[in-house]
1. So which residues in segment 135-158 are hydrophobic (A, V, I, L, M, F, W, C), in contact with a Gly (Cβ under 9 Å, 6 or more places away or on another chain) and open to solvent by 20 Å² or more (accessible area, probe 1.4 Å), if there are any at all?
2. Could you figure out which of (1) modelled with pLDDT of 90 or more; (2) more than 20 Å from LEU45 (Cβ to Cβ); (3) in contact with a Leu (Cβ under 8 Å, 6 or more places away or on another chain); (4) surrounded by 14 or more Cβ atoms within 10 Å (Cβ to Cβ) isn't true of SER208?
3. Can you tell me which of (1) of a type outside the set (A, V, I, L, M); (2) part of a loop (DSSP other than H, G, I, E, B); (3) open to solvent by less than 30 Å² (accessible area, probe 1.4 Å) is the one SER246 doesn't meet?
4. Before we move on, is LEU295 at pLDDT 95 or above, under 17 Å from the mean Cα position of the chain (by Cα) and more than 19 Å from CYS99 (Cα to Cα)?
5. How many residues does segment 203-242 hold that are within 28 Å of PRO157 (Cα to Cα) and part of a loop (DSSP other than H, G, I, E, B)?
6. If we keep just the residues of segment 159-176 that are open to solvent by 70 Å² or more (accessible area, probe 1.4 Å) and of a type in the set (Gly, Ala, Ser), which is nearest to the chain's Cα centre (by Cα)?
7. Between LEU239, LEU225, which is on the phi < 0 side of the Ramachandran plot and either in contact with a strand residue (DSSP E or B) (Cβ under 8 Å, 6 or more places away or on another chain) or at pLDDT 85 or above (or both)?
Amino acid sequence: SYTHLASSETVPYVSPLRRAWGGIKDNWKAGGTVALVNLPLSISLAVASSSTPVAGVVTAFWSGLGASIFGGSEYNIVGPTGALSGLLGHLVQRFDVDCLPFVAIIVAIVTFLAYLLKFERYVLLVPVSVMEGFTLGIAFIIAANQLNFAMGLPPLPGQESLIANVIQNLSHSSDANWQAIVMFLASFVMLLGFIKLQPRVPWVMVISFAGILFGWLGANNYMDLTVYTLHSRYGNLDLHVVSIPSFKNAYISWDIVFGTIPVAFVAILESLISAKIADKMTKTTFDSSREVLGLGIANLLSGVFGGIPATAALARTALNIKSGAKSRVSGLVNAAAVLVLSLFLLQLFVYLPLPVVAAQVCVVAVRMVDVSSLVHLFRADKYKFSKAMLVAIVCIVKDPTWGICVGFVISLLRFSEKLAYGHSEVILYNQNPAVLVSNEEMDARVNNLTPYGLRPGWDANGFRNAPVDPDFPVAHFQPSEKVALYRVAGALTFVNSQSHLKRLEALQDCDAIIISLRYCFFLDMEGSDVLEDIVEELNSDFSCRVYLTGIGSFLTAALKSKKWYQDKVAAGEVFECGQADIARTKSQY
């Protein structure tokens, strides 16, 4: 019976508390492992962003909490990242460090607008070459900004540009501390090597504790070690998880808004890319729209409580998955573990030497750059590789905002240039067998045009043979008649209309031309106007009969109000598709 069937398939009731405990039990190891990496990295990356260590902890907790609850990915780990640190450091140079919580709130607002406008559909359309160049430039900026810490130099006045900062630090190389340089190199090499050998081990925390030990021994005169520590720059690290920042009237300006838009863009892009990579690793599917919403909430919480802008961290997300994460509960465990570890261990981090901080940040910078992708880009497409290098150079010399804008403009111009080359296919039916004419062959004929038409002696013999088109049987035509089937492939717009016009003019000595729009998926107003010009020119100037075929429903809707099209329909010169249309054309010869 139906009652028996329903009762036999009833799912046992599980209380919300038991489900929550089951989620924690399945994800505590992954969340705890990520937290051991997340805490020291959040501190180091906040310092790399010209902020404070405490702001990094606040960001890791609140942004991680918000993204784990409201985000669209089950595995993304959100917090301070290297991808944003270069952009944020530039904003701090222009304004001051207190602007970063306000910047996080603006990022949240821009992200909410992107969510409402479904902007995530377009963010991932950024050319790979532009992102590779941008990432390379940001990585160089991050590493170069660690020169002061790595050399053990005292605090120096901040400069407006990266190049000026590098020159200033190098000019003080006589004041460099050899102990700091050795500590930086040792920490960098060991951390990079250990991560490659055993990526699941939280080596960042291990190296941090080793550095803290050396820092504590030096501070208490147990060994002869004089290097700057976090305490030297930031004093005692008192954690305030809820710390309402003070906002200044100077922050309410278009300058800071325009400077924040690239931060929001990169934050959205990094989160979506990270979630996409997580999907590939776990064979799952994330909700891109919800992920953008969660990122906005994460940045809003971070900014309101005194943190800095945040986004998904690719390396920490991968570590989360490899450590056995089963659901978004691992992100919640990570946020809670970061808070607990900070309450008990933050005071130890005051002894963390700045050269170790510099080494951790430089490792992040190195791992940001996908060398294999750059090598592939160089081998496969020198133009795209050059564009990536240009974007990187502009990011370094000018600033990252200019870099990504230059990359966008160049990509759009290149894309427009490619669109201007209208794709088509021409089949000539003036002999047996029929011949197929490629775009390149057709353009070669176009280049040989005289002012009054083709050079004498033009025929199909110079073209390569091709299989007969199934929609255009040769048997339906008289051998003495020259008929051309011109297929428009792709879009017919104002951008590429002139290239189609020139090719069709090269067919002016044909007895009839059939223009097939079967593979035309887009036709704008200018495209329809050019189509009218083509038909009128071929009919009047060259006495060539012109037929239209492959007219689908959306093309009919675009053309039906045109007088010339209505005349064509009335004359029986507009068909849909198929051999019947060809036969009908043949009967009118």
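1. First, the residues of segment 135-158 that are hydrophobic (A, V, I, L, M, F, W, C): 136, 138-144, 147, 149-151, 153, 156.
Still in the running and in contact with a Gly (Cβ under 9 Å, 6 or more places away or on another chain): 138-142.
PHE140 - this is the single residue of segment 135-158 that is hydrophobic (A, V, I, L, M, F, W, C), in contact with a Gly (Cβ under 9 Å, 6 or more places away or on another chain) and open to solvent by 20 Å² or more (accessible area, probe 1.4 Å).
2. Among (1) modelled with pLDDT of 90 or more; (2) more than 20 Å from LEU45 (Cβ to Cβ); (3) in contact with a Leu (Cβ under 8 Å, 6 or more places away or on another chain); (4) surrounded by 14 or more Cβ atoms within 10 Å (Cβ to Cβ), SER208 violates only (2).
3. Here SER246 meets the rest and fails (3).
4. Working: at pLDDT 95 or above: yes; under 17 Å from the mean Cα position of the chain (by Cα): yes; more than 19 Å from CYS99 (Cα to Cα): yes.
Taking the combined requirement at face value, the residue satisfies it.
5. Qualifying residue count for the region: 9.
6. Across segment 159-176, the extreme among qualifying residues is SER171.
7. Result of the check over LEU239, LEU225: LEU225.
This table checks each residue for (1) at pLDDT below 85; (2) assigned to a helix (DSSP H, G or I); (3) surrounded by fewer than 24 Cβ atoms within 10 Å (Cβ to Cβ); (4) among the polar types (S, T, N, Q).
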| position | (1), (2), (3), (4) |
| --- | --- |
| VAL14 | yes, no, yes, no |
| GLY23 | yes, yes, yes, no |
| THR33 | no, yes, no, yes |
| VAL37 | no, yes, no, no |
| PRO40 | no, yes, no, no |
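The values are calculated or read from the model by the stated rules, or taken from the named source; none is laboratory data. Small disclaimer: the values here were computed from a predicted structure and weren't measured. Heads up, the Cβs are rebuilt from the backbone with ideal geometry, glycines too, and the neighbour counts pull from every protein chain shown. These accessible areas exclude ligands, DNA and RNA; they are computed on the full protein's heavy atoms, side chains included. Shrake-Rupley method; radii C 1.70, N 1.55, O 1.52, S 1.80 Å.
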